[in-house]
Amino acid sequence: MKALLAMILVVGLAGCSTVSGWFGDSGAAAGRKPAELGEIKPAVTMVRMWDASVGAGNAYVFSPATDGQAIYAASAEGRIVRLDPATGREIWRVDAGRTLSAGVGVGEGLVLVGTPKGELLAFRTENGQPAWTAKLTGEVLTEPVVASGVVAVRANDGKVWLLDAADGKQRWVYSRTLPALVLREPGNLLLTARALYAGHPGGKLTALALNNGAPIWEANVALPRGTNELERITDISGAIAADDRLVCVSAYQGRISCLDLAKGSPVWARDFSGLTGVEMDDRVLYAANAEAMLLAYDKVRGAGLWRQDKLRDRQLSTPLALGRHVATGDFQGYVHLLDRDTGAFAARAATDGSAIVGQMLPLEQGLVVQTANGGIHAFKIQ
């Protein structure tokens, strides 16, 4: 461990370097054994609807997405599929012809994926035919977002791009200097009609104007602390959540916080360290911390509502709010369904035994998950 730490710091001295998230996870770093799954008394049943496969994610994180008509998924091996949401039947499958590193983003009739070489590839949702390709300046590690005629995507060199959805032409680029060390799990982007919200290494959150990329506001979610570069990592990573008044994020070795959506002023903040971001429903904010404990907060006041610690060190995925429940996946491919009011286990279902690392997709009365081995699994909650 000391040798690995030394290598990371030496690389960092030569310029910006990335640190994989497992290095900071307490279970992996401390050698602790993940919690064993105990017996539960199901309050509901998760029924397997269908299974499909798209190929392994390898070192990258992939999440399924939908446009309301179909489900789309991609893999590091270059495959992209469109699936029927009711049956999992494959409608079309294409090969991008290169390794993929992020995806998928869906909207405006496009399904979008990124590559390690900084390419953004757009395919038509109707038939999988190529629409356009845009060249960026760094590896793409988070799924693009698309709405209202534009595509937003970030590269791992600190740049955020806004492109025209019709042809992939650049509208603007927002750039910032990165610290010496950054996580390899960059924060997702959140695109609304008002602004593009982006979290950054160093614990800052910005709202960018859609017309020119200028910051509408910038807020400090967390401040770097520590005696070396590794201890000072406070990157905002994972999913951003928002409603019509609040935008909420979490930072590794920093804080979880909700801010005023329009002004960026802090509403509340709590000490926190996590990698997978946050999720919210009409009254609760959910997040899994670096020790894989699932926490629930009152999203308006920040009061802690409950903490589920029986999944400790199981490397939980971003939570997914599902009405009366909240779901999360773990490193062995289990989907855990919890009561949103108490955090008690309501149901559990297995997939293919490989990790659920991307974001899960809500369905009417259910959800869809994608595993590291490329399995796509749909469940209905009864």
Anything in the stretch 153-194 that is within 17 Å of THR115 (Cβ to Cβ), under 15 Å from the mean Cα position of the chain (by Cα) and assigned to a strand (DSSP E or B)? List them, or say none.
VAL153, ARG154
Would you check which residues across the stretch 92-120 are in contact with a Gly (Cβ under 8 Å, 6 or more places away or on another chain), more than 15 Å from PHE62 (Cα to Cα) and in a strand (DSSP E or B) and list them?
TRP92, ARG93, VAL94, ASP95
Mind checking whether some residue in the stretch 353-360 is farther than 24 Å from GLU77 by Cα and without any contact (Cβ under 8 Å) to a residue 60 or more places away in the chain?
no
Which residue pairs have Cβ atoms closer than 6 Å, lie 6 or more positions apart in sequence or on different chains, and pair a first residue in the stretch 365-382 that is at positive phi with a second residue that is outside any strand (DSSP E or B) and of a type outside the set (A, V, I, L, M, F, W, C)?
GLY374/GLY55; GLY374/SER75
Here is a list of conditions, (1) buried (at least 23 other Cβ atoms within 10 Å of the Cβ); (2) free of Cβ contacts under 8 Å to residues at least 60 places away in the same chain; (3) more than 17 Å from ALA321 (Cβ to Cβ), and LEU285 meets all of them except one; can you say which number that is?
(3)
Restricting attention to the stretch 308-335, the residues that are within 20 Å of ASP281 (Cα to Cα) and over 21 Å from the mean Cα position of the chain (by Cα) number exactly 1
How many of the residues making up the stretch 121-135 are small (Gly, Ala, Ser) and not in a strand (DSSP E or B)?
1
Check GLU139, GLU143 and return the single one that is surrounded by 18 or more Cβ atoms within 10 Å (Cβ to Cβ), modelled with pLDDT of 95 or more, assigned to a loop (DSSP other than H, G, I, E, B) and in contact with a Pro (Cβ under 6 Å, 6 or more places away or on another chain).
GLU139
So, VAL267, is that one at pLDDT 95 or above, surrounded by 23 or more Cβ atoms within 10 Å (Cβ to Cβ), part of a strand (DSSP E or B) and out of contact with any Lys or Arg (no Cβ under 8 Å at 6 or more places or on another chain) or not?
no
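The values are calculated or read from the model by the stated rules, or taken from the named source; none is laboratory data. Just so it is clear, the structure is predicted and the values come from calculations on it, not from any experiment. Heads up, the Cβs are rebuilt from the backbone with ideal geometry, glycines too, and the neighbour counts pull from every protein chain shown.
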